[in-house]
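The structure appears right after this line, and notes come after that.
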Amino acid sequence: MKIPLSWLHDHLDSTAGLETISETLTALGLEVESLYNPAEELRPFTIAYVRETKPHPNADRLQVCKVETLVEGKAQTVQLVCGAPNARTGMKGVFASPGSFIPGTAVHLKPATIRGVASHGMLCSEREMGLSDEHDGIIEVDSALEVGTPFADAMGLNDPVIEVTITPNRPDCLGIRGIARDLAAAGLGTLKPLVTPPLSSGFDGSTGIGLEFTLETERACPLFAGCIVRGVKNRASPQWMQRRLQAVGLRPLNALVDITNYIAHDRARPLHVYDVAKLNGDVRARLGQAGESFTALDGKNYAVDETMCVIADNSGVLGLGGIMGGEASGVSEATTEVLVESAWFDPVRTAQTGRRLGIDSEARRRFERGVDPASVEEGCQSAAAMIVEFCGGEVSRLIMAQTESAPLEAAPVLFQPDHVNRLTGIDVPEIRTQEILTALAFTVVRPDGSKDAPWQVTPPSFRPDIVGSADLVEEVIRVYGVNDVPSTPLKRGEGVARPILTVQQKQIRAARRHLAGRGMVEAVTWAFIPENHALLCANLRDAEDTEKNGTLRLLNPISREMSAMRPGLLPGLIAAAGRNGARGFNDVALFEVGSQFSMHYQNTQCLAIAGLRRGTAVMEGTGRNWRKSLTHVSVYDAKADALAALMTMGAPVAQVRVFSDAAPDYYHPGRSGALHLGAKICLGWFGEVHPRILKAMDVDGPVVAFEIFPEVLPTSRQRRGRARGALAASDFQMVKRDFAFIVDSNLPAGQILNAVRQADKTLISNVVLFDVFEGAGIEADKKSLAVEVTLQPRHETLTDDTISGVSEKIIAEAGKLGAVLRTATR
């Protein structure tokens, strides 16, 4: 929201300087983004007198001008070359000296020689000054202006502009009067009274207005007012109005349109004008119908449907209520009779319509936040008065249509003034509290008798965000001053503080540190993702169709790219890896800790830890190196990451079993697995991301990933968390033995490893698979698995008999799985 200082002073009687106003706005919660003073940019430009013009000796379309200007208070005549057709002797224009920066063309002006003639400066056009696109000739100013007068002062362009950020809950501050009201309440002046001349003529208009809604849909537009102004002559609006509209970023068009734009920025009251000659019957608000469309003022054609509020006549749709009018009924220079529309449209329906059609207009910006319903009549009267002032004509009686659901009065709020101190720690006197609320246009009724009885505070109609006592506290404290909140140290407890982290929080912290130590970078991605990404990465293994996948879709998304809650962390990580790859960083290792959402989860969400590796981002390092060949990530890298994180969190990794056919279908079916503890507890998944997923998300592979779920870890382990026991070191020499077993080719190696571990839990400290062989000497449906078994004695040195006994147990346990000993070595 841009605020020219002179426009602000139309509503605020204040002597405060620009810096003071800026600081106060920020303190009030209206953060100042920038301060812009066009006079600073236009300072080098002055009024000059053209003393002489003559044809250029070497160019037909150029003239050599002698220009009288003022340099450091002394008159000076300079020569320049000018190509403007309207340059002539005796005129006054805008002169730029060498060294000036030309804002409209972004050129630093330098002395030049043009076709053999020296030129020291230039006479500027409106485009070169950044005022408009006009460049057919130079600016000609009033001959009464003195030479050397700053151009900004002469043309009224010395008006500073403050740009502030308006939060969604302050629709009243989308009008300059709302901002002036806040500043007045903060003590920076007095709010000037708003004078709205009543409609005086009182003739009956030729065009009526109406509402066509059912009881269920009447809130789409419960208030619709209008009046006719006939005998108008549409012309350019006054220069002061054009300059103000340009200062806030609008392009002046004609008086009728400029008036509606001016009132929208002045009082946060959007309006619209129709050319009555182009209307067919009465104008009414209703819902759209399938198949209807119209061409809007932006020149685009839009199709409407039954959810959209439209303005229509007998010929069809004229515009979208609260968003944009149509081209067919727009005003022009030939317009002599207009209908001024002032209505109130439902904020939710307005926002949904604008988002669906992709229209972002000044009217939508205000209506979707909540325009003051009480300003419907006032806005119509103000516009009619300005039209008569600038364009002439006479005004009809006000025509008003409304339903029973029209939001005219706000409900009072019960307010205890001592809540200010209780919620903020600032002791604001009751009289000051009442003064602040009254200055903000709240109606305060203090009860007689009991001092402890609550006040009845009625919010003004332009503050739809005030619904409770805490909102009133916020209003009081932002005006009174957040800077006055006392800085009070917390009381320090005696002794050692008790632990404040839960077991799960400690586990998550440990997992974060460990994954970072494995070369992975923690990412934080959006919980909102595109719906197609959610469907790609939803676990559809048990869903018959996509409607049963549990995806949570948002009713009011921020954008189409954020229309669903993420069913897992991988979509965001894959997208992040893709963005890194698009910027040349192909080798990435990322992980994230966060919640994922689905209707299949308890309370619709669960905590997860996920990570991925891409390209050559293996544990040993990324990229190519002269000491080793280029190695891409594999499923085993993801498995190692998952097991390492689980082990760090205290999970019994030695008991974890891997099922190769239980991972979701967004993993590669032959290169993935599920990590199970027992038959029912699934700790997570790992594997190579399916090429189908990568192609759909436009990410090059290979990409491997893992997902683990801390909330399913066994309770006993959660209680112990990361607590460390005594170091279990042994003084006795360990013994290693190798065993090779012939097994069925489809038997997972993990089952052999688990069987070997179970042979003697006391002595066997580690089991490692170090070789897999298929080929010569092995039957076609068999394979050889070689494992290294480490025996660690605790109490005495191992004897040959003890080692032999353990070996027999190992062979016996493996035999239960159909394994046959191929060889055993020391």
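The values are calculated or read from the model by the stated rules, or taken from the named source; none is laboratory data. Since the structure is predicted, the reported quantities are computational estimates derived from the model, not experimental observations. Cβ atoms come from the backbone with ideal geometry, glycine included; neighbour counts cover every protein chain shown. Please note that ligands, DNA and RNA were not included when accessible areas were found on the heavy atoms of the full protein model with its side chains. Shrake-Rupley method; radii C 1.70, N 1.55, O 1.52, S 1.80 Å.
Pairs spanning more than 25 Å between alpha-carbon atoms, out of Lys2/Lys110; Lys2/Lys192; Lys54/Lys110; Lys278/Lys300: Lys2/Lys110. Computed from Cα positions, the angle between helix 635-648 and the longest principal axis of the chain comes to roughly 90 degrees. Taken about its Cα centre, the stretch 1-155 carries a charge dipole of about 1060 debye when Lys and Arg each add +1 at the Cβ and Asp and Glu each add -1 at the Cβ. When the stretch 151-227 is described by a simple charge dipole with +1 on each Lys and Arg Cβ and -1 on each Asp and Glu Cβ, the residue from Pro193, Cys227, Met155 located farthest towards its positive end is Pro193. For mean projected area of the Cα convex hull in nm², the value computed from the atomic coordinates appears in the list (1) 69.4; (2) 47.8; (3) 56.4 under label (3). Rounded, prolate or oblate: which fits the stretch 198-264, taking a ≥ b ≥ c as square roots of the Cα gyration tensor eigenvalues, rounded meaning a/c under 1.5, else prolate when a/b beats b/c? Taking the square roots of the gyration eigenvalues as a ≥ b ≥ c, the stretch 198-264 is oblate. Ordered from highest to lowest accessible area with the whole protein assembly present and a 1.4 Å probe, Tyr36, Tyr636 read as Tyr636, Tyr36.
Based on DSSP, what percent of beta bridges with both residues in the chain are antiparallel, to the nearest 5? If I count the DSSP bridges inside the chain, around 95 percent turn out antiparallel. Taking label points 7 Å from Cα along the Cα-to-Cβ direction, Glu788 and Ala582 give a separation of 4.6 nm.
Decide, for the stretch 425-519, between rounded, prolate and oblate: order the square roots of the alpha carbon gyration tensor eigenvalues as a ≥ b ≥ c, take rounded if a/c falls under 1.5, and otherwise choose prolate if a/b is larger than b/c, else oblate. The shape class here is prolate. Summary of the geometry: the stretch 744-773 and the stretch 1-32, compared by the centres of their Cα atoms, lie 76 Å apart. Within the full protein context, the accessible area of Leu35 is estimated at about 70 Å² for a probe radius of 1.4 Å. Which whole-number value in Å² is the accessible area per residue of the chain, probe 1.4 Å? For the chain, the per-residue accessible area is 51 Å². On full extension, the segment bounded by Ala662 and Arg553 gains 36.6 nm, given 0.36 nm per residue less the C-alpha separation.
Take the solvent-accessible surface of the protein heavy atoms, probe 1.4 Å, and return the percent of it on the chain that carbon and sulfur atoms account for. About 50 percent, which is the carbon plus sulfur part of the accessible surface.
Against the chain, whose longest principal axis comes from its Cα atoms, helix 503-517 is set at around 90 degrees. Placing unit charges on the Cβ atoms only, positive for Lys and Arg and negative for Asp and Glu, gives the chain a dipole magnitude near 3220 debye about its Cα centre.
In straight-distance terms, cross-link reach from Lys761 covers every one of the lysines whose alpha-carbon lies under 18 Å from its own, apart from those fewer than eight places away in the same chain; here that gives Lys736, Lys809, Lys816.
A 1.4 Å probe, protein heavy atoms only, puts the accessible area of Thr438 near 80 Å². Enter the angle in degrees (range 0 to 90, nearest 10) between the Cα long axis of helix 255-267 and the first principal axis of the Cα atoms of the chain, meaning the one along which they spread out most. Computed tilt is about 60 degrees.
Taking a ≥ b ≥ c as the square roots of the eigenvalues of the alpha carbon gyration tensor, the stretch 258-384 is oblate, as a/c is not under 1.5 and a/b does not beat b/c.
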